[in-house]
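Right, one structure below, let's go through it.
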Amino acid sequence: MTTENVTSDQPEQSAAPPAEAAAPPAEAEPVAPESEGEAVATATAEPDKSHLNWYVVKVQSGREESIKDSIERRVKIEALQECFGQIVIPTEKVSEMRKNKRYIRERKLLPGYLMVQVEFNEHMLYLFRETSGVGDFVGAGLNKKPIPMSENEVKKWIGGPKVEGAPVEAKASPYSEGDKVKVKDGMFSGMEGVVKTVLEAKGAVIVELTIFGRPVPVELEYWQVDFA
């Protein structure tokens with residue numbers, strides 16, 4: 001029996017023509033660069049702080065740094081940045097001699113006080129009063145707003161230069177508790193006060209000065225004061 005080869009009656013399909021080459025991407029239109037003035041303005045633009053004033057706040061002495069951190073953290077949590085500028089702890093650098101070695105340390109000018117730049121309103125007042133360790137705004141009272149620091153006070157306590165004192169050697173104090181002295185050097189120059197404590201090991205005395213209408217203990221080296 002003979003077997004015939006069977007071929008398909010359908011015509012053989014020809015190969016698909018090659019795809020047309022993709023058109024080159026259109027060139028992006030050039031974007032005009034920012035002018036130098038616009039770029040600088042964008043980079044250096046700062047929030048307007050003209051509505052903020054400087055105030056003095058009484059806080060627990062020895063906790064100034066931690067209280068400052070707590071206030072700044074609460075300002076962010078409660079989204080009150082528009083009413084808040086900054087907090088400054090006034091300090092100065094002094095040098096002293098101990099065991100024939102010179103040391104430089106930072107000393108607080110106003111222990112127990114903070115300088116705060118804020119917009120005084122109910123929200124900020126509540127935030128400060130509810131922060132642990134904070135007393136009150138200096139000058140504030142019942143239904144009485146505190147008086148902002150003057151421009152001269154701001155320059156003196158915040159914008160003034162940091163004064164580095166002369167080296168101090170521990171020696172017997174020429175002063176005794178109760179002596180009335182006058183400050184002759186540093187941020188408190190010209191002010192008078194009474195010696196409250198003698199620190200012979202540090203070559204210093206603690207003098208009670210009247211600042212912002214309140215008595216404030218300030219540590220001063222012997223050479224910074226003289227008998228009044």
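The values are calculated or read from the model by the stated rules, or taken from the named source; none is laboratory data. Treat the numbers as computed from the prediction; the structure is a model and nothing was measured. All Cβ positions, even for glycine, are placed from backbone atoms using ideal geometry, and neighbour counts span all protein chains on display.
Give region 193-204 a look and list any residue that's modelled with pLDDT of 90 or more and hydrophobic (A, V, I, L, M, F, W, C), or say none.
Matches in region 193-204: V194, V195.
Please count how many residues of region 193-228 are closer than 25 Å to V59 by Cα, without any contact (Cβ under 8 Å) to a residue 60 or more places away in the chain and not acidic (D, E).
15
Name the residues in region 71-104 that are assigned to a helix (DSSP H, G or I), surrounded by fewer than 17 Cβ atoms within 10 Å (Cβ to Cβ) and either in the same structural domain as V218 (by TED's automatic domain parsing) or not acidic (D, E) (or both), would you?
Hits for region 71-104 are R73, R74, K76, I77, Q81.
In region 47-59, is there at least one residue being surrounded by 10 or more Cβ atoms within 10 Å (Cβ to Cβ), modelled with pLDDT under 95 and among the basic types (K, R)?
Looking for residues that are surrounded by 10 or more Cβ atoms within 10 Å (Cβ to Cβ), modelled with pLDDT under 95 and among the basic types (K, R), one finds at least one in region 47-59, hence yes.
Which ranges mark the strands (runs of 3 or more DSSP E) fully within region 187-228 that have 1 or more residues being among the hydroxyl-bearing types (S, T, Y)?
192-199, 204-211
Take the residues in region 113-142 that are closer than 22 Å to K49 by Cβ and among the acidic types (D, E); name whichever of them is surrounded by the most Cβ atoms within 10 Å (Cβ to Cβ).
E119
Just give me the residues in region 128-161 being assigned to a strand (DSSP E or B) and of a type in the set (D, E), in sequence order.
Of everything in region 128-161, just one residue is assigned to a strand (DSSP E or B) and of a type in the set (D, E), namely D136.
Would you mind stating whether M187 is surrounded by 14 or more Cβ atoms within 10 Å (Cβ to Cβ), modelled with pLDDT under 85 and in the same structural domain as P215 (by TED's automatic domain parsing)?
yes
Under the condition of being at pLDDT 85 or above and in contact with a helix residue (DSSP H, G or I) (Cβ under 8 Å, 6 or more places away or on another chain), which residue from region 146-182 is surrounded by the fewest Cβ atoms within 10 Å (Cβ to Cβ)?
Result: P174.
Starting from region 111-131, take each residue that is not assigned by TED's automatic domain parsing to the domain that holds E92 and list its partners that are of a type in the set (A, V, I, L, M, F, W, C), counting only C-beta distances under 7 angstrom and pairs at least six apart or across chains.
Within 7 Å, no pair qualifies.
Any residue that is within 16 Å of V59 (Cβ to Cβ), assigned to a loop (DSSP other than H, G, I, E, B), modelled with pLDDT of 90 or more and polar (S, T, N, Q) - is there at least one of those in region 105-119?
The answer is no; no qualifying residue exists.
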